[in-house]
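First comes the structure, then the notes that go with it.
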Amino acid sequence: MAVSVWADKVLMLLRRMNNFYSADSCRTVCSRFEIDGVQVGWIPPHVTTLLARYPDVFSLPHGGAVSLRPSLDSYERRSEAVDAVLQTLRQEEESLSCLRGWRDEKYSVMPTFSDPPLMWMERAATSLFGVKRYGTHINGYTVSDSGEVSMWLARRSPTKQTYPGLLDNLAAGGLSAGVGVKHTMVKECQEEACIPAAIAEKARPVSTVSYTYEDEEGVFPECQFVFDLELPRDFKPRIGDGEVQDFYLLPIDKVKELLATDDFKPNCAMVVLDFLIRHSFIEPDTEPCYQEFVAGLHQAL
């Protein structure tokens, strides 16, 4: 059976969001980023060259890896030393466009999510080191008396630093250092969509969506903790912190159709695709690309 136009568009999205695994990616020329002999990221060649200016913080590439100096032997020392370098690069290197989006938001750096963090790093700089980033995404939906499912989508503010004006999940946000997954989920629901904690806390953790992509700003290994939240039919999200310009309640068929357009923030489209698969709106007997969809949503970081 020929691949449908819709499925082909979705496959293109998944390939784009996992392009770091493709044969022509920068992976073969990246240096591993190691702390205490453990890999925590991937550093592109142009970043490795810049880091060589700071020999008190970074060891020169050896055996394909850039590491922090052994004297930086604690969470605090590593974090402060690397942050000082990044603050300098932020002022001196206009080519590092990601640093123009500096957020004063600390992200934990660790080999896997369950490991103790080895340091923190400014969110805007994480792509320069290819360290893993984690977040929470919430699928908000309603079910009618007849069982028809509709989904709440958000339209991102036109002033957002990233993906302005595109469709988003009901609420979402990155996981800051020292903050738990559920706490982040409830906080983002309250801040972005004015969902009371008593409702947000009913959201169920249901999945993760993982992928790694590269672009001109670096390498992005990301894992999103996905929650499903069935909302009362008479509840309407409201704009909270200004990161959203509007909310829409759309039939699930319309949401599925939108996945094949350029109107969605890419990783949010992946979270919706995961919802459609888990709730059997996409099934293996009727979708020839079912297996490719599932694999593309759950790549090892």
Item to check | Residues located in segment 253-276, provided they are in a loop (DSSP other than H, G, I, E, B) and out of contact with any strand residue (DSSP E or B) (no Cβ under 6 Å at 6 or more places or on another chain) | outcome: Leu259, Ala260, Thr261, Asp262
Checklist entry - For segment 1-76, list the strands (runs of 3 or more DSSP E) that sit wholly inside it and hold at least 1 residues that are within 25 Å of the chain's Cα centre (by Cα) and surrounded by 14 or more Cβ atoms within 10 Å (Cβ to Cβ); which are they? => result 31-35, 38-43, 65-68
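Please pick out the residue among Ala269, Ala295 that is at pLDDT 95 or above, among the aliphatic types (A, V, I, L, M) and over 21 Å from Asp215 (Cβ atoms).
Ala295
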Checklist entry - Out of curiosity, is Asp104 in contact with a helix residue (DSSP H, G or I) (Cβ under 9 Å, 6 or more places away or on another chain) and exposed (fewer than 14 other Cβ atoms within 10 Å of the Cβ)? => result yes
Item to check | Flag for Thr162 being in the same structural domain as Asp253 (by TED's automatic domain parsing), of a type outside the set (Gly, Ala, Ser) and within 15 Å of the chain's Cα centre (by Cα) | outcome: yes
Checklist entry - Across segment 215-263, what is the number of residues that are surrounded by fewer than 19 Cβ atoms within 10 Å (Cβ to Cβ) and in contact with a His (Cβ under 6 Å, 6 or more places away or on another chain)? => result 0
Checklist entry - Which ones in segment 198-214 are buried (at least 18 other Cβ atoms within 10 Å of the Cβ) and among the acidic types (Asp, Glu)? => result Glu214
Checklist entry - Which ones in segment 77-125 are among the acidic types (Asp, Glu), more than 23 Å from the chain's Cα centre (by Cα) and outside any loop (DSSP other than H, G, I, E, B)? => result Glu80, Glu92
Checklist entry - Is segment 151-163 home to any residue that is buried (at least 18 other Cβ atoms within 10 Å of the Cβ), over 15 Å from Gly242 (Cβ atoms) and aromatic (Phe, Trp, Tyr)? => result yes
Next on the checklist: Out of the residues in segment 54-69 meeting the condition of being modelled with pLDDT of 95 or more and not small (Gly, Ala, Ser), tell me which one is nearest to Glu217 (Cα to Cα).
Outcome noted: Val66
Item to check | Failed condition for Ile195, given (1) of a type in the set (A, V, I, L, M, F, W, C); (2) buried (at least 16 other Cβ atoms within 10 Å of the Cβ); (3) within 30 Å of Met119 (Cα to Cα) | outcome: (3)
Item to check | Residues that are aliphatic (A, V, I, L, M) and within 13 Å of Lys106 (Cα to Cα), drawn from segment 124-139 | outcome: Ala124, Ala125, Val131
Next on the checklist: Which residue is nearest to the chain's Cα centre (by Cα), if the candidates are limited to segment 216-252 and must be outside any strand (DSSP E or B) and within 15 Å of Ala172 (Cα to Cα)?
Outcome noted: Glu243
Checklist entry - Does Val181 count as in contact with a Ser or Thr (Cβ under 7 Å, 6 or more places away or on another chain) and either closer than 19 Å to Asn18 by Cβ or of a type in the set (A, V, I, L, M, F, W, C) (or both)? => result yes
Checklist entry - Mind checking which residues of segment 1-21 are touching a helix residue (DSSP H, G or I) at 6+ places or on another chain (Cβ under 9 Å) and at pLDDT below 95? => result Val3, Tyr21
Checklist outcome for this item: By residue number, the members of segment 1-50 that are acidic (Asp, Glu) and within 24 Å of Asp115 (Cα to Cα) are Glu34, Asp36
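The values are calculated or read from the model by the stated rules, or taken from the named source; none is laboratory data. Predicted, not measured: the structure shown is a model, and the values here were computed from it. Cβ atoms come from the backbone with ideal geometry, glycine included; neighbour counts cover every protein chain shown.
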